[in-house]
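Single-structure report; data block below.
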Amino acid sequence: MSGYLKYAEVRPDPESGGMGVFATEFIPYRKIICDESAAIAVTHVDIYGFINAYLALPEETRAEFDKLWCSPQKLAHVSATYGKDLTHYYANAASMGLIKEDKYPNRDVFVIRLSQTRAIFETNAAEANKPGVSGVYLRYSRINHSCEPNVAWATYYEFGRARIQVYTNRAIQPGEQIYDSYIAPLTEDWTRRQAKLRNWGFDCRCTRCVREMAEAEAGKPPQAQPEKEKDPNALPPIAEVDEDNHYSSSLQMRTLNNPNIGLPVMVGRETVEPLEPLGPLIRTSSVSINEAPVQPRTIALREWRRRGGKGFATGNAKFTG
């Protein structure tokens with residue numbers, strides 16, 4: 001496996017009964033804790049490309065891949081969608097002597113095992129920074145979900161390989177579990193979040209969901225998420241765009257380390273193309289440009305022109321989505 005996991009380790013999680021990632025020491029805010037290449041990265045609809053990539057993995061890597069969580073919902077979907085493709089692949093590969101009989105003694109065993117393998121892929125895959133390509137990262141896949149995550153991540157696709165970096169979005173104490181969010185947006189109430197998370201085969205019992213469920217049972221109205229105080233050391237710009245480059249509240253983009261480089265942050269294991277540099281951007285449902293030089297080819301200007309030049313105010317330039 002190419003890459004590393006620092007300041008943390010994978011170990012059993014007593015709450016979920018599976019595995020999790022836990023801090024082994026104090027981890028400061030904005031620290032990269034994981035950087036690794038994908039074990040498998042293929043276009044999501046290419047089932048034959050996935051099988052070839054999986055069978056070509058080294059034995060050790062394949063064994064680690066097979067240990068990852070497999071959602072029952074994903075397995076049912078794979079069996080219904082790809083059963084004929086897997087049967088067809090087995091027939092062709094067996095006729096050419098490409099199937100190892102000690103591992104797959106017959107067609108049924110092959111189809112069952114590869115269905116589970118594909119379901120593992122669909123359960124753990126994160127979209128790479130390349131249209132249509134998804135990858136599974138063995139270390140990152142051990143990070144469990146919370147609706148109050150303490151890490152975020154960005155992916156890159158370069159030289160034909162997908163790569164992920166995971167970094168903290170707040171300080172983490174020794175022994176604390178590392179949590180990511182599998183869904184977006186996190187501004188939805190707990191019932192909507194639970195419905196989305198059932199796609200991964202579990203009901204969320206994170207501190208936020210437990211708190212909101214208790215409030216709902218007590219008849220209290222849902223509490224709005226408090227705005228965080230501005231941190232002068234915070235990661236630069238947050239801007240939200242949809243797949244058509246229009247600002248929305250479903251996907252989040254953020255630059256990391258260098259404000260002049262647009263890097264995508266994955267929220268809910270989804271991504272879009274990176275933004276071009278916009279200078280310091282702040283807000284989620286709207287974008288503010290505070291005395292920053294705006295380059296003529298930016299998404300912001302394209303959106304402004306699309307609206308006929310409307311929505312901007314002088315000084316603290318701002319338009320709402």
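The values are calculated or read from the model by the stated rules, or taken from the named source; none is laboratory data. Please read these numbers as outputs of a predicted model, since none were measured by experiment. Counting neighbours? That spans all protein chains shown, and the Cβs are built from the backbone with ideal geometry, glycine included. Each accessible area value is taken on the protein alone, full model and side chains, heavy atoms only, with ligands, DNA and RNA left out. Shrake-Rupley method; radii C 1.70, N 1.55, O 1.52, S 1.80 Å.
List of remarks:
- The set of residues in the range 153-180 being outside any strand (DSSP E or B), open to solvent by 10 Å² or more (accessible area, probe 1.4 Å) and in contact (Cβ under 8 Å) with a residue 12 or more places away in the chain consists of 169, 170, 171, 173, 174, 175, 176.
- Only listed residue being within 24 Å of residue 41 (Cβ to Cβ), in contact with a Pro (Cβ under 6 Å, 6 or more places away or on another chain) and modelled with pLDDT under 95, chosen from 134, 181: 181
- Search result, residues across the range 135-152 that are open to solvent by 10 Å² or more (accessible area, probe 1.4 Å) and assigned to a strand (DSSP E or B): 144, 145, 152
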